[in-house]
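The structure under discussion appears below in the form of structure tokens.
The values are calculated or read from the model by the stated rules, or taken from the named source; none is laboratory data. Not measured: the values here are computed from a predicted model. Neighbour counts run over all protein chains shown; Cβ positions are idealised from the backbone, glycine included. Just the protein is used for accessible areas: all its heavy atoms, side chains included, with ligands, DNA and RNA removed. Shrake-Rupley method; radii C 1.70, N 1.55, O 1.52, S 1.80 Å.
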Amino acid sequence: MSLLQVESVSRHFGSLVAVENVSMSVEVGELRAVIGPNGAGKTTFFNLISGFLTPTSGRIVFGGEDITNLLPARRVWRGISRTFQLTEVFPELSVQQNLRIAVEIAAGYRLRPWLSRREDAAVSIRATDLCNKGGLANVETRLVGELSHGDQRATEIMMALALNPRLLLLDEPTAGMGDQETYNITRLIRQLHRDQKLTIVLIEHDMRVVFHLADRIMVLAEGRMLAEGTPREIAANERVQAAYLGQA
Amino acid sequence: MEMSPKRGANILIWAVLLTMPYWINWIGGYTSLGSRVMVLALAAMSLNFLLGFTGVLSFGHAAYFGLGVYGMGLTIKYLVPSTVAGTAVGVVAGAAAAAVIGLLIVRLRGIYFAMATIAFGQVFYFIAYRWNTVTGGDDGLSGWHRQPIDLGFAAWDILGSDRAFYYWVLVCFAGATGIMAALLHSPFGRTLLAIRENERRARFLGIPVDRHIWLSWMISCFFVSLAGTLYALLNNFADPHDLRWDQSGDFVIMAVLGGMRAFWGPLIGAAIFVVLQDYVSSQTQNWMSFIGLFFVLVVVFFPRGVLGILHRPSSR
Ligand SMILES: Nc1ncnc2c1ncn2[C@@H]1O[C@H](COP(=O)(O)OP(=O)(O)O)[C@@H](O)[C@H]1O
Ligand SMILES: [Mg+2]
């Protein structure tokens, strides 16, 4: 069953064609990678799915419902959660507080002017749990703005996960990370995919990560879809090699 | 149990406020100066709910403050001689105006939001200024005074005793700041911090940002109009300047001066502002230049305000 169906979406910025006539269908439990050179339109494509931008034309269906023109927050409520290419966190709040905010929203508490002791304790437990899973236990009380790039990114990913999404969109999660951090994040993503059967769409530059994780890969170039298939098919695809892999 | 610094500061502040009328004369002040500090502190803290804890700058809060002032004055003068009724009218008027104007401006951000608040704020100033027959125009609304509060079993003589009035202000101040503090420690309050910290992240966590900013604006304007009702009682007078943009600017100065990231920052800012004003204006006409100079020095050397020196951004 397909969870997300993108039907020939385009997005133009004036005369610039950022995304042109791209379609994609993602199955429940699938891990899909989106690759392509810089400026190919990958982030714009994510922006269309998450509601940061609306498409110039085309349609986006999520869980059987047309979400093409929904506001971002409403897409989040329906289960689409994302991270950004440039980390977006709450820098002057602690890791614990960053996660707590996400956990509280997921629990439907965003308008609550108080919490009972029991609710408060349950939120803390969940936030701490996410902290541990993200490898952030030793920085839990630190301000996120003071953390390393890798830990900030891990915090953002754990916030996105705190929402219990049905679909997780990760925009270059390992960008700018060292080998150890890349390994940790890769392991986390694989675990989410294998153990929790989470549906994930991933933009990634690191080909080791992509070929290690992805069920299927979509290749974008200059806003258009160049190829789509299993990692094996993509690796063997001559057009992809010419246009993209050859450069790297 | 060990006492956290924050808890210690809270106890100290409430101890000072509770006992002030009993020692303020010894240090060269007077009881209604204390009342004035607390009233303006309430206004600045209400503004700071929006500024410091939601990240939204309003330069038009004097409008809602002034609606509180005139709501009180007009009610006592023309409708019923009751402080409680005046409070209700002032607060409802302020909140109603804020609700409508908030809807019109809540999509704006940054300096555009601030300018829109000034523009709408000035409308109320001109109404008060022009509508002579009712508001007294430029002369202000006089010929009325605060009324003792009927508690059923006894009267609270806030008219006859400055000390009694001080405690009426304290009751309102405690209620308002208690509610604001509780909200800031709630899930709703944390969504406001989230918006201040990173609007984009907040939106993509599923916070309907405009709606939450509107709610924060409403809470802020509600309590600033409560402060306005107290200000009217303090002066037994309603002055059109209470509605003007420079009054809004004073609230911003108090918040920034004291430290807008600290809950009690605007209280400290208001105390400095009021005491300087009281002292310097008795020495020279030009007291606003002194405040301005002081403000610039604080902003340059202590960008987080006076309390910001003590108060590093805390993680808890
Ligand atoms: N908001 C925007 N306004 C104008 N041009 C944009 C905007 N967002 C992206 N673009 C342009 O669209 C193209 C695709 O960008 P992007 O989606 O960020 O590519 P990628 O993520 O694949 O590197 C680029 O040429 C970029 O400059
Ligand atoms: Mg990109």
>> Taking a cut-off of 32 Å, what percent of all Cα-Cα pairs in chain B are separated by more than that?
In response: 25 percent
> Calculated from DSSP H runs of 4 or more alone, at -39500 (n - 2.57) each and per residue, what is the 222 nm mean residue ellipticity of chain B, nearest 500?
Replying inline: -23500 deg cm²/dmol
> Put A:133, A:42 in order of accessible area, largest first, 1.4 Å probe: what do you get?
Replying inline: A:133, A:42
> Distance in nm between label sites at residue B:241 and residue B:139, each 7 Å beyond Cα in the beta-carbon direction?
Replying inline: 1.8 nm
> If the label point is 7 Å along Cα→Cβ of residue B:7, which residues in the stretch A:120-135 have backbone nitrogen under 19 Å from it?
Replying inline: A:121
> Going from the alpha-carbon gyration tensor of the stretch A:97-142, what semi-axes, largest first and in whole Å, does one get by taking the root of 5 times each eigenvalue?
Replying inline: 20, 10, 9
>> So, R0 is 60 Å and r is the distance between the beta-carbons of residue A:2 and residue B:278; what FRET efficiency does that work out to, to 0.05?
In response: 0.25
> Straight-line reach from residue A:133: which lysines have Cα under 24 Å away, leaving out those fewer than 8 places along the same chain?
Replying inline: A:197
> Based on the Kirkwood radius over alpha-carbon pairs, what value in µm²/s does the Stokes-Einstein equation return for the translational diffusion coefficient of the stretch B:97-146 at 4 °C and 1.567 mPa s?
Replying inline: 103 µm²/s
> Considering every residue in B:180-193, what mean count of other chain Cβ atoms within 10 Å of its Cβ is obtained?
Replying inline: 5
> For residue B:14 and residue A:164, FRET efficiency with R0 = 35 Å and r from the beta-carbon atoms, rounded to 0.05?
Replying inline: 0.25
> On average, how many beta carbons from a partner chain sit within 10 Å of the beta carbon of a residue in A:95-105?
Replying inline: 4
>> If you take every DSSP beta bridge fully contained in chain A, what fraction is antiparallel? Give it as a percent rounded to 5.
In response: 55 percent
> Cα-based Rg (one decimal) and Dmax (whole number) for chain A, in Å?
Replying inline: 18.3, 61
>> Before we go on, tell me the buried accessible area for the A/B pair, both chains summed, 1.4 Å probe, in Å² to the nearest 100.
In response: 2900 Å²
> How much accessible surface area, in Å² rounded to 10, belongs to the heavy atoms of residue A:100 with a 1.4 Å probe?
Replying inline: 20 Å²
> Whose amide H sits under 5 Å from the amide H of residue A:56, counting only residues 5 or more places off or on another chain, with H placed in the peptide plane?
Replying inline: A:10, A:11, A:12
>> Using a 1.4 Å probe on the protein heavy atoms, what percent of the accessible area of chain B belongs to carbon and sulfur?
In response: 67 percent
> Which length gain, in nm to one decimal place, applies between residue A:132 and residue A:86 when the Cα-Cα distance is subtracted from 0.36 nm times their residue separation?
Replying inline: 14.2 nm
> Over the Cα atoms of the stretch A:143-198, what is the Rg over Rh ratio if Rh follows Kirkwood?
Replying inline: 0.96
> At q = 0.23 Å⁻¹, what is the log10 ratio I(q)/I(0) for the stretch A:124-248, with the Debye formula run over Cα points and no solvent?
Replying inline: -1.41
> Based on the alpha carbon coordinates of the stretch A:47-123, what radius of gyration and maximum Cα-Cα distance (Dmax) apply, in Å?
Replying inline: 15.6, 49
> Under a 1.4 Å probe, what is the accessible area of chain A per residue, stated in Å²?
Replying inline: 44 Å²
> Could you state the per residue volume, in Å³, of the convex hull enclosing the Cα atoms of the protein assembly as shown?
Replying inline: 193 Å³
